[in-house]
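The values are calculated or read from the model by the stated rules, or taken from the named source; none is laboratory data. Worth saying up front: this structure is predicted, and the values here are computed from it rather than measured. When we count neighbours, we look across all protein chains shown, and the Cβ atoms used for this are built from the backbone with ideal geometry, even at glycine. With ligands, DNA and RNA removed, areas are computed over all heavy atoms of the protein, side chains included. Shrake-Rupley method; radii C 1.70, N 1.55, O 1.52, S 1.80 Å.
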Amino acid sequence: MHCTNNNVYRIEHLTKSYDNKLLANDDISLHIRRGEILGLFGANGSGKTTLVKQLIGLLSPTSGHVYLEEKSISDPQCHISRSVAYQGQNNASFGAFSFSELMIHTGIYRGLTLHEAKAEAHKLVSYFECSKISNRLRYQLSGGERKLSIVLCAFMAQRPVVILDEPSNDLDPFHRGQLWSYMRKLCKETGVTFILVTHNIDEAEDLVDRVAVMKQGRLIACSTVGDLKALYHDDVTVDLILKHGEEIKLPADAIHVQSNHWKFILPKEKAFAMLNELFQQDGHKIDDFRISKATLTEAYSSVVGEKSVSHE
């Protein structure tokens, strides 16, 4: 694979096996671009976390190579901790630290002065509106609040690459939305690269630039959201709202959502032809309509049932 200066990570034929039998990662090749948000999707046990741990040097590959900023991560000159921040799945205890203290200590460990670390922690607390809990010890916090404090540590002493493994689990909808917003903000303003491992696929749809899908240790697809939808799920959903009391002839498989609201799923070409016919015959009876492409979850469900495809 040919590298360019636009790649922050270059992964070549990465394989990780256990006991020389179980292939947790199987011949994975992938470029991760500078300043993008890459969504890494796959069922539990598909090899996502194993891949991520190899990207940060916590696991050594059985074969293959990982390059960070064109240096092999096995090279002593490749200082991973200076370039990458990682938030893992496990919600560590640190019960003796307060919500803010954990962030401050993280910043100091990453080279900030005490003053700088306090200033960064304050900005994060303000952005995520956590001032009421900032001084509480972690053992006094709810599970979601503890998770949030761990996630925010990933943003301390801003690293060029941030890897988040299931960051939104346990977060309430408000803070989950703020997390996605903050990630967009960092990408836009500072060019941070994010690798996001998540099962909240539809929530991530408007966030990620590309989607990488793993199945049984292999990378089976990698593309933009739109391309993934078009490649694997070309149907569209048509929502049709009739005027009060009106009835028209609809496809036999149309779903009656409620009252005068109907929904049906068709291949894109048939949907436009059918709507054109309906409007010619009964347009005066139709109050409103909407055509939408498949959700990312629907496309993902199609992908994991398909054979491997090219992901150059």
Leaving ligands, DNA and RNA out of it, rank GLU189, GLU36 by accessible area with a 1.4 Å probe, largest first.
GLU189, GLU36
Can you give the FRET efficiency for ASN44 and ASN90, using 1/(1 + (r/R0)^6), R0 = 22 Å, r = Cβ-Cβ distance, to the nearest 0.05?
0.90
What's the magnitude of the charge dipole for the chain around its Cα centre, counting Lys and Arg as +1 and Asp and Glu as -1 at the beta-carbon? Answer in Debye, nearest 20.
1000 debye
Select from PHE194, PHE264, PHE155 the residue whose mean-square fluctuation is largest in a Gaussian network model of the chain (Cα-Cα springs shorter than 10 Å).
PHE264
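Stick to Cα atoms and the Kirkwood definition of Rh, then tell me Rg/Rh for the chain.
1.06
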So, with +1 on the Cβ of K and R and -1 on the Cβ of D and E, and no other charges, what is the size of the charge dipole of region 1-56 about its Cα centre, to the nearest 20 debye?
160 debye
Anchor LYS243: lysines whose Cα lies under 28 Å away (excluding residues fewer than 8 positions away in-chain):
LYS263, LYS268, LYS270, LYS285, LYS293
Using only Cα atoms and rounding to the nearest 10 degrees, what angle (0 to 90) does helix 173-190 make with the longest principal axis of the chain?
70 degrees
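Please work out the FRET efficiency for the pair LEU231 and ASN6, using the Cβ-Cβ distance as r and a Förster radius of 22 Å; give the result to the nearest 0.05. All intermediate terms of the calculation are to be shown ahead of the outcome.
On the way: r = 23 Å, r/R0 = 1.06.
Given R0 = 22 Å and the Cβ-Cβ separation, E is 0.40.
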Springs between alpha-carbon atoms under 10 Å, Gaussian network over the chain: tell me which of HIS261, HIS65, HIS79 tops the mean-square fluctuations.
HIS261
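Could you work out the relative contact order of the chain, using alpha carbon pairs under 8 angstrom and six or more residues apart, expressed as a whole percent?
On the way: 551 pairs, mean separation 61.5, N = 312.
Dividing the mean separation by the residue count of the chain yields 20 percent.
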Dipole size in debye (nearest 20) for region 156-312 around its Cα centre, Lys and Arg Cβ +1, Asp and Glu Cβ -1?
360 debye
When the chain is treated as a GNM, springs tying every alpha-carbon pair under 10 Å, which of SER259, SER126, SER301 comes out with the largest mean-square fluctuation?
SER259
Are there GluC sites (Glu not before Pro) in region 242-280 that DSSP puts in a loop and that have at most 13 other Cβ atoms within 10 Å, and which ones?
GLU246, GLU247
Report, in degrees rounded to the nearest 10, the 0 to 90 angle that the Cα long axis of helix 143-153 makes with the longest principal axis of the chain.
60 degrees
Charge dipole of the chain about the Cα centre (unit charges at C-beta), most positive-ward option of GLN258, GLN216, ILE291
GLN216
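For LYS263 and GLU189, calculate 0.36 nm times their separation in residues minus their Cα-Cα distance, and state this gained length in nm to one decimal. Intermediate results must be reported in sequence, preceding the final value.
Working: separation 74, 0.36 × 74 = 26.64 nm, distance 4.05 nm.
Between LYS263 and GLU189, full extension yields 22.6 nm more.
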What nm distance separates the two modelled labels at HIS122 and SER81, each placed 7 Å from Cα along Cα→Cβ?
2.7 nm
In nanometres, the difference between 0.36 nm per residue of separation and the alpha-carbon distance of LEU58 and ASP202 is 48.9 nm
Mean-position separation - Cα centroids, region 42-78 and region 106-181, in angstrom
25 Å
Charge-dipole axis of region 1-127 as Lys and Arg at +1 and Asp and Glu at -1 on Cβ define it, positive-most pick from ILE104, VAL125, LEU68:
VAL125
Protein-only accessible surface order, largest first, of THR237, THR295 at 1.4 Å
THR295, THR237
Please calculate the 1.4 Å probe accessible area of SER29, with all protein chains present, and give it to the nearest 10 Å².
10 Å²
The helix 268-282 Cα axis meets the longest alpha-carbon principal axis of the chain at an angle in degrees, between 0 and 90 and rounded to 10, of 40 degrees
Could you sort LEU112, LEU102 by their accessible area in this structure, using a 1.4 Å probe and putting the largest first?
LEU112, LEU102
